[in-house]
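I have placed the structure first, in the form of structure tokens, so that the comments after it can refer back to it.
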Amino acid sequence: MNKTTAGRSRALNAQSPRATGKPVVHPVVDTLIIGAGFAGLGSAIQLRKAGVHNIVILERATEVGGTWRDNQYPGAACDIPSNLYSFSFAPNPNWSRSYSGSREILGYIQSMVRDFGLEPLIRYQQNVTDVVLDEAEGIWTVHTDNGDTWRARSLIMASGPLANASLPKIQGIEEFKGKIIHSARWDHDYDLTGKRVGVIGTGASAIQIVPEIVKKAAKVRVFQRTAPWIMPRPDFTTSELSKRVFSRFPGTQRAIREALYWTHESMALAVIWNSPLTRVGERLGEAFLNSQVKDPWLRRQLKPDYKLGCKRILVSNDYYPALQAPNCELITWPIARISESGVRTAEGVEHQFDVLVCATGFDVPKCGTPYPVRGLSGRVLAEEWKTGAQAYKSINVTGFPNLFIMFGPNSGPGHNSALVYMEEQIAYAVKAIRTILDRNITWLDVKPKVQQAYNKAIQKRLARTNWNSGCKSWYLTEDGFNATMYPGFATQYASQMREFDLAAYDAIRGVGASKPPAPKRRRTPEKATAA
């Protein structure tokens, strides 16, 4: 946190009910935003541009940043180019590299707070415990763990899918006597120098952590369940000349962003659907592996046995070399359990460690919510989603009026920047909230049949994608339902979000108005099959 942000945060918290010990019921605001990461701050910026100023942002931590505040592990960086992993309405001409590290991205997020004057809107250390709709007034009531109550005409859930760290569900993990570090809760005070380190996981975090810790640790063993597809990362330092050109001629940076966007759009043809370009991508991945790993047996262990795109594609120039360091070893035997002193694998060998690094990701809410959300007639969102999350255009759920979910069901990109999708969601929510305020609407609730038809079409399209081709990934529920990814181009997603159609919603005006019939409970979603 920079000095300015830290000072403001302390000043705000000194006046907060948490500091005084006096819970408060706060006045009703037009929009309440939960989360001060990219989605929450971006929503506030665009709401203000649309003339909505009565806004409060609740943040559970003591500073902004979301997943980029939490993910500060060694080597943490984004796998999307910096000029595309930023908001189009908040360009940064001073990115230091093609692919920025987490600290620089966090600095960018903090700069948005400063540049757009968002600090007065943010309430820190407000950890939401539940969200309830007051049906008579059409007001959302939010409770936090310090006893505060917040009320709003509209609510934006901007917590994001990557908010809650997840330890692996491995027998005996609680018995381990050494140090356990999760990638999203990195302990920077713990020195890995000379330590025996076990790394569980080979996903996006692990391939960034391993090259850094092999520089310090005495021995590193990486436990791999599934080999990922890894592509080279064209990462270069941004010259001072480029920064000056971007600052003086913003159109040049917009042109680069546009070129990056369409380059990533073209990747959808290889990543999302099984096509001849999928085979081309696989050959490129295999060629990269062969060029970096000379040992035939290690190459065989690192070669994916599933279709490109079925799981997340990773980018790294230094992961393969790190695995070949003298003090690093790849373990492909399944983990049987964790003991007091280390990890026992299926063949009966116990690997002893001083520290276990769990690069095992997050609890992504494919079937639930990070806190209870109660809508019309006491409906609980987690119950509605227990067999797989569904929403209309990823942002609205029937039975939960005036609620907008950022990065909701089936909004995940597999090939392009998440912020491209996020901007469209924000724009859509702003149109809807502006409609609620301008027309004095008490409830704006998507019609059940509209949501059902939308999701039926989405699942039919997903059945033809690589994600649903048979491999197991965090995109899918245990029974194979895909509640995560959007089956199309970013351009298609933007097109569907461009129009806010009031006819798709039940719009009830006036306090105490007769409510529409409670929507019927959704049937258990059937796994779609390709037509």
Angle check, please: helix 418-438 long axis (alpha carbons) against the longest principal axis of the chain (alpha carbons), in degrees 0 to 90, nearest 10. 10 degrees
Place a point 7 Å from the Cα of A453 in the direction of its beta carbon; the residues of the stretch 379-394 whose amide N falls under 20 Å from it are 390-394
Report, in listed order, any pair from K303/K472; K311/K393; K307/K460; K169/K456; K216/K243 with a Cα-Cα distance greater than 25 Å. K169/K456; K216/K243
Round to the nearest 10 and report in Å² the accessible area of E119, as given by a 1.4 Å probe over the protein chains' heavy atoms. 10 Å²
Report the net charge of residues surrounding N71, where surrounding means a beta-carbon distance below 12 angstrom and charges are Lys +1, Arg +1, Asp -1, Glu -1. +2
Accessible area of the chain with a 1.4 Å probe: how many percent of it is carbon plus sulfur? 53 percent
Compute the Cα gyration tensor for the stretch 22-82, then decide on rounded, prolate or oblate, letting a ≥ b ≥ c be the square roots of its eigenvalues: rounded whenever a/c is under 1.5, prolate when a/b is larger than b/c in the other cases, and oblate in all that remain. oblate
Kindly report, to the nearest 10 Å², the accessible surface of H26 as traced by a 1.4 Å probe over protein heavy atoms only. 40 Å²
Going from most exposed to least, what order do D145, D445 have by accessible area with a 1.4 Å probe? D145, D445
PRE reach from E265 (point 7 Å along Cα→Cβ): which of the stretch 410-453 fall under 17 Å by backbone N? 413-425
Principal axis extents for the stretch 224-383, Cα atoms only, whole Å, descending order, please. 62, 62, 38
Multiply the residue gap between R283 and K22 by 0.36 nm, knock off their C-alpha separation, and tell me the result in nm, one decimal place. 87.7 nm
Each label sits 7 Å from Cα toward the beta-carbon; between R337 and V349 the label points are separated, in nm, by 2.0 nm
Testing the spin-label approximation: label points 7 Å from Cα along Cα→Cβ at A90 and S247. State their distance in nm. 2.0 nm
When DSSP beta bridges are limited to those with both residues in the chain, what percentage is antiparallel, rounded to the nearest 5? 40 percent
Please sort by residue number the trypsin sites (Lys or Arg not before Pro) in the stretch 416-459 whose DSSP state is loop and whose Cβ has at most 13 other Cβ atoms within 10 Å. R439
With a cap of 16 neighbouring Cβ atoms within 10 Å, and only residues DSSP puts in a loop, list the chymotrypsin sites (Phe, Trp or Tyr not before Pro) found in the stretch 124-226. Y190
Rounded to the nearest whole number, the Stokes-Einstein translational diffusion coefficient of the stretch 384-478 at 4 °C and 1.567 mPa s (Kirkwood radius, C-alpha pairs) in µm²/s is 88 µm²/s
Calculate, for the stretch 280-337, the solvent-accessible area per residue in square angstrom, rolling a 1.4 angstrom probe over the heavy atoms of the protein chains. 52 Å²
Using unit Cβ charges (K, R positive; D, E negative) and no other charged atoms, how large, in debye to the nearest 20, is the dipole of the chain about its Cα centre? 680 debye
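What's the extension gain from D438 to S275 if we count 0.36 nm per residue and subtract their Cα-Cα distance?
54.0 nm
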Which angle between 0 and 90 degrees, to the nearest 10, do you get for helix 3-14 versus the longest principal axis of the chain when only C-alpha atoms count? 50 degrees
To the nearest 500 deg cm²/dmol, what mean residue ellipticity at 222 nm is calculated for the chain from DSSP H runs of n ≥ 4 alone, each contributing -39,500 (n - 2.57), summed and divided by the residues? -9500 deg cm²/dmol
Once R0 is set to 25 Å, what does the formula 1/(1 + (r/R0)^6) return for the Cβ-Cβ distance between K303 and S469, expressed as a FRET efficiency to the nearest 0.05? 0.90
Just to confirm the number: angle between the C-alpha axis of helix 38-49 and the first principal axis of the chain, 0 to 90 degrees, nearest 10? 30 degrees
What share of all Cα pairs of the chain, in percent, falls into each consecutive 10 Å distance bin? 3, 17, 27, 27, 18, 6, 1, 0
Surface accessible to a 1.4 Å probe, I55 within the full protein complex, Å²: 10 Å²
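The values are calculated or read from the model by the stated rules, or taken from the named source; none is laboratory data. Keep in mind that this is a model prediction, so the values were computed, not measured. Neighbour counts are summed over all protein chains in view; Cβ atoms, including those assigned to glycine, are modelled from backbone coordinates with ideal geometry. When the accessible area is computed, the model is the full protein with side chains, heavy atoms only, and any ligands, DNA or RNA have been set aside. Shrake-Rupley method; radii C 1.70, N 1.55, O 1.52, S 1.80 Å.
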